[in-house]
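> One structure, as structure tokens, below. Some questions next.
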């Protein structure tokens with residue numbers, strides 16, 4: 001059997017091809033192979049001489065080529081881990097990131113402190129990772145999850161079904177809070193927040209949907225709209241949790257305070273010490 005048809009050599013060859021594309025070329029090659037074979041990385045490392053059949057080799061080579069051409073690894077895999085759960089992702093949705101788990105923690109903090117408050121909404125749901133995670137963590141929670149695109153909403157629905165919470169999430173097509181009525185105890189959102197000019201220089205703009213990233217000239221256009229719309233929809237004693245750009249901490253806090261004078265605002269940092277989450281608590 002040709003050496004290139006052995007698992008270890010195939011991985012090393014792929015890693016060499018990916019060196020100019022990713023800083024984690026060996027890990028990415030292993031991740032792709034594990035996905036193709038349905039094995040974990042520990043098994044791969046223990047079986048470098050495992051013979052690859054032609055179908056597995058072709059599938060692996062095709063996946064490597066997609067990454068070489070600039071496609072984000074999670075889109076090639078079709079999945080991404082978030083808060084301990086696996087979510088389906090496609091190029092029309094933003095890839096879930098560890099930073100967004102801070103939003104989950106801030107939301108769960110509120111829900112655990114107020115067990116009688118269970119009216120919640122996830123705005124711009126994307127893959128549905130926020131709404132699905134919160135419902136999976138809080139068995140009595142019911143949420144509305146909205147997005148502007150029907151295709152995106154269907155991906156969120158598939159993830160809700162996969163994690164057995166679809167019966168507790170109402171999925172809607174709509175812009176921000178426009179289709180909603182009543183009051184909500186919790187409003188969550190990871191909206192586009194990268195300033196247009198800066199986005200042009202970022203690699204992420206070439207790999208992920210620009211509509212899920214671009215926040216206008218100053219990056220605050222969409223967040224500002226949500227803050228205004230939330231004025232009549234966040235219940236007294238309710239909480240709003242928004243992911244923000246690392247450069248926006250003070251500006252978005254000032255914006256929230258100007259829109260909602262008297263409400264408590266807080267900016268929390270991520271593990272890198274960067275501003276990442278805006279929390280707005282409405283007084284009772």
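The values are calculated or read from the model by the stated rules, or taken from the named source; none is laboratory data. These numbers were taken from a predicted model, which means no experiment stands behind them. Please note: Cβ atoms are built from the backbone with ideal geometry, for glycine as well, and neighbour counts cover all protein chains shown.
> Give me the residue from region 274-284 that is assigned to a loop (DSSP other than H, G, I, E, B) and modelled with pLDDT of 95 or more and, out of that set, farthest from residue 247 (Cα to Cα).
Among those that are assigned to a loop (DSSP other than H, G, I, E, B) and modelled with pLDDT of 95 or more, it is 282.
> Another question, then. Are any of the residues in region 224-234 in contact (Cβ under 8 Å) with a residue 12 or more places away in the chain, part of a loop (DSSP other than H, G, I, E, B) and over 19 Å from residue 275 (Cβ atoms)?
Yes, some residue in region 224-234 is in contact (Cβ under 8 Å) with a residue 12 or more places away in the chain, part of a loop (DSSP other than H, G, I, E, B) and over 19 Å from residue 275 (Cβ atoms).
> Might you let me know whether region 152-168 holds any residue that is in a loop (DSSP other than H, G, I, E, B), farther than 17 Å from residue 260 by Cβ, out of contact with any strand residue (DSSP E or B) (no Cβ under 7 Å at 6 or more places or on another chain) and modelled with pLDDT under 95?
To start, the set of residues in region 152-168 that are in a loop (DSSP other than H, G, I, E, B) comprises 163-165.
Within this subset, residues satisfying the condition of being farther than 17 Å from residue 260 by Cβ are 163-165.
Remaining after also requiring out of contact with any strand residue (DSSP E or B) (no Cβ under 7 Å at 6 or more places or on another chain): 164-165.
In the following step, the residues that additionally are modelled with pLDDT under 95 were identified as none.
Within region 152-168, none of the residues are in a loop (DSSP other than H, G, I, E, B), farther than 17 Å from residue 260 by Cβ, out of contact with any strand residue (DSSP E or B) (no Cβ under 7 Å at 6 or more places or on another chain) and modelled with pLDDT under 95.
> Out of the residues in region 28-53 that are free of Cβ contacts under 8 Å to residues at least 40 places away in the same chain and exposed (fewer than 15 other Cβ atoms within 10 Å of the Cβ), state the one that is farthest from residue 78 (Cα to Cα).
Quick first cut of region 28-53, residues free of Cβ contacts under 8 Å to residues at least 40 places away in the same chain only: 29-30, 33-34, 36-46, 53.
When the remaining residues are screened for being exposed (fewer than 15 other Cβ atoms within 10 Å of the Cβ), the result is 38, 40-43, 45-46, 53.
Details: 38: 14, 40: 16, 41: 18, 42: 21, 43: 21, 45: 23, 46: 26, 53: 23 Å.
Per the criteria, the residue is 46.
> Does region 132-144 contain at least one residue that is modelled with pLDDT under 95, in contact with a strand residue (DSSP E or B) (Cβ under 8 Å, 6 or more places away or on another chain), crowded, with 21+ Cβ neighbours inside 10 Å and in a loop (DSSP other than H, G, I, E, B)?
The answer is no; no qualifying residue exists.
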